[in-house]
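The structure appears right after this line, and notes come after that.
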Amino acid sequence: MALPAAPYMVVEAMSDDSAPALFADAKPAGGYLVLARKYRPRTFEDLIGQDAMVRTIANSFALNRIPHAYILTGVRGVGKTTTARLLARALNYKSATVDGPSVTLDPLGIHCREIMESRHPDVFEMDAASRTGIGDIRELQEGVRYAPVSARTKVYIIDEVHMLSNQAFNGLLKTLEEPPPHVKFIFATTEIRKVPVTVLSRCQRFDLKRIAPDELAAHLARICAKEGVNVEPDGLALVARAAEGSVRDGLSLLDQAIVQKGGAAPVSAADVREMLGLADRLRVADLFDAVLAGDAKAALTEIRTQYDSGADPALVLRDLLEMAHEAARVQALGPEARIVGGQDWAQRLRAIAAATSPAALSRLWQMLLKALEEAVRAPEPIAAAEMALVRLCAAASLPPPEEIARMLRGGPGVASLQTRAPGAPEGPRAETPTINSFDDVLALIEAHRDVDLQIAVERYVRLSSFAPGVIVFAPAPGMPEEVPARLARRLLDWTGALWEVRADAATGVESFAERRAKERAAALEDLKRHPFVADALAAFPDAEIVDWKKPDPATAGEVVPLRPAPRSRRKEG
């Protein structure tokens, strides 16, 4: 029994409004067809950004080296299902002049209409998200045995193939390995890693690329021209960027953007920003400048103003990330760097790139990436964003990373690192604490009264090697994972220098706590040999020394207990 066609009906129009409609019922009863359906590609030429795949398919047809199975992978909305249907048409293409596989699907072949409407008896669509079991695969295996009814090739399209069960995949393998010559398989998935290797190895794989923002923006502009609507180029660029490489998402957002002004006036970039919940791009640049200048007051005021206007803090941080990335690209590519946006935006980016070192931009990127993760997880994203900006502004007063690296290579020269508070006038600057040994590190922790960190370092750090700026140690059993990062972060706060703290040594000297315990045990043995103490212990065999402390220099020779009154402890019995 052949697998019945999936209950899926496609109604759409040709992408060229000047051409006759592909289907008589192109428009639904409501009279409007959304752009994502209206402009679905009807030929391989209509696909954007997938030239390599189309070229490979065309060459395989020309050389008659056609695989028996394809697998298409890519992000949502990039064209996997559409490409699968185009492939089914191409494999069965037949017109008045062509009777063989062809990537040229214009004019329509005798099978094209039925295939695109999912009602051709020899092209079967199966949604693996709802038909995941071995029973569905057995039904497919039964249908594979029979020859096509009217077309040249039987085609099985399985969408979201990664959702098949393990049993279903195993049942498919034999048919997939040695299919009848009249059968072709086309699989589509967004989760290629979930498809068994045994299946992947039997398919020709095509990775459909994300559409570049500028290419997608140009595609949206062409559609706007056909629709007779006016959306500013900067607004289209914002839509393309928000689509993240998905044509379908871009068209859905464009549908939403077109109605922002009710069709009576051009849609501006500001309208699109408001629709997407984005902050004004030049205001984000102002925020970026405040961060680079280390002006925490200006940065917090700006982000709070944007937040009160409806901007999402996480999206603001993403905009800052994108600015850091684009500025780094401008630095690397120079005049050849292509900047999407107006002239004002390009000038701001080039000014930032010229005034900031590559290492500083890299450091800023890393800190912003961490800040974005925190903002997504935080119960109050605005609080996380503000704390991140405070850290970024504090880091702006540090020396550039390359200067720190040069100082660290100079050994003890790290002690001469200097910092200047944001906005402070130029002139003599305060030197950081001098750190020449690990004991200096312990003393610094104690001086800042970070009791938790002091206990952790003394208990778990078995020092292996020390140099100014680098601490390598073997962790004692039970060390919390965050201790190295926490120590490095606090040293950065206190010294103004970047420290590398690594817990990856195989061996190290005893920890401070272990050394102190050893010294205490040795001191206790010495104390027991003191004539007075020895006589007391001899007189009271069951007594224990509970505690002691070193005598004050002013009262040398006296034994002063830590507790209010001397006492001895006798064992029971």
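Assorted remarks:
- Filtering I57, I110, I71, I66 for residues that are hydrophobic (A, V, I, L, M, F, W, C), modelled with pLDDT of 90 or more and farther than 30 Å from V197 by Cα leaves a single hit, I110.
- Residue in the stretch 212-235 that is surrounded by the most Cβ atoms within 10 Å (Cβ to Cβ), counting only those that are touching a residue at least 60 places away in the same chain (Cβ under 8 Å) and touching a helix residue (DSSP H, G or I) at 6+ places or on another chain (Cβ under 6 Å): L216
- Count of residues meeting criterion [at negative phi and surrounded by 20 or more Cβ atoms within 10 Å (Cβ to Cβ)] in the stretch 294-313: 7
- Selection of first residues in the stretch 24-40 that are surrounded by fewer than 16 Cβ atoms within 10 Å (Cβ to Cβ) and of second residues that are modelled with pLDDT of 85 or more and of a type in the set (S, T, N, Q), restricted to Cβ pairs under 8 Å at least 6 apart or on distinct chains, gives the following pairs, ordered by first then second residue: V34/S252.
- Where a residue in the stretch 76-100 is closer than 18 Å to R210 by Cβ and its partner, wherever it lies, is among the basic types (K, R) and outside any loop (DSSP other than H, G, I, E, B), with Cβ under 9 Å and at least six apart: R76/R248; G77/R248; V78/R248; G79/R248
- Residue in the stretch 369-379 that is surrounded by the fewest Cβ atoms within 10 Å (Cβ to Cβ), counting only those that are free of Cβ contacts under 8 Å to residues at least 24 places away in the same chain and assigned to a helix (DSSP H, G or I): R377
- Selection within the stretch 128-155 - within 41 Å of the chain's Cα centre (by Cα), β-branched (V, I, T) and in a loop (DSSP other than H, G, I, E, B): T132
- For the stretch 468-489, filtered to residues that are over 27 Å from the mean Cα position of the chain (by Cα) and not hydrophobic (A, V, I, L, M, F, W, C), the residue that is surrounded by the fewest Cβ atoms within 10 Å (Cβ to Cβ) is P477.
Yes/no matrix, rows are residues, columns are (1) farther than 19 Å from L236 by Cα; (2) at pLDDT 85 or above; (3) surrounded by fewer than 17 Cβ atoms within 10 Å (Cβ to Cβ):
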{"site": "L317", "(1), (2), (3)": "yes, yes, no"}
{"site": "L320", "(1), (2), (3)": "yes, yes, no"}
{"site": "A327", "(1), (2), (3)": "yes, yes, no"}
{"site": "V330", "(1), (2), (3)": "yes, yes, no"}
{"site": "G334", "(1), (2), (3)": "yes, no, yes"}
{"site": "G341", "(1), (2), (3)": "no, no, no"}
{"site": "D344", "(1), (2), (3)": "no, no, yes"}
{"site": "T356", "(1), (2), (3)": "yes, no, no"}
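- Yes/no for A168 being in contact with a strand residue (DSSP E or B) (Cβ under 9 Å, 6 or more places away or on another chain) and not hydroxyl-bearing (S, T, Y): no
- The criterion of being more than 23 Å from F61 (Cα to Cα), touching a residue at least 24 places away in the same chain (Cβ under 8 Å) and in the same structural domain as N92 (by TED's automatic domain parsing) does not hold for A151.
- From I158, I115, residue being outside any loop (DSSP other than H, G, I, E, B), at pLDDT 90 or above, in the same structural domain as P67 (by TED's automatic domain parsing) and closer than 16 Å to A69 by Cα: I158
- Qualifying residue in the stretch 245-256 (condition: surrounded by fewer than 18 Cβ atoms within 10 Å (Cβ to Cβ), free of Cβ contacts under 8 Å to residues at least 40 places away in the same chain and in a helix (DSSP H, G or I)): yes
- Selected residue (criterion: farthest from A293 (Cα to Cα)) from residues of the stretch 310-368 that are of a type in the set (V, I, T) and not in a helix (DSSP H, G or I): V340
- Residues (in a loop (DSSP other than H, G, I, E, B) and within 13 Å of V457 (Cβ to Cβ)) located in the stretch 468-498: A476, M479, P480, E482
- Every residue from the stretch 440-456 that is among the charged types (D, E, K, R), under 35 Å from the mean Cα position of the chain (by Cα) and either surrounded by fewer than 16 Cβ atoms within 10 Å (Cβ to Cβ) or part of a helix (DSSP H, G or I) (or both): D452
- Residue count for the stretch 55-90 satisfying the condition of being in a helix (DSSP H, G or I), of a type outside the set (K, R) and farther than 22 Å from V161 by Cβ: 4.
- Condition met for N166 (under 15 Å from Q141 (Cβ atoms) and at pLDDT below 90): no
The values are calculated or read from the model by the stated rules, or taken from the named source; none is laboratory data. Bear in mind that the values here come from a model prediction, so they are computed numbers and not experimental data. With ideal geometry, Cβ positions are generated from the backbone for all residues, glycine too; neighbour counts draw on all protein chains shown.
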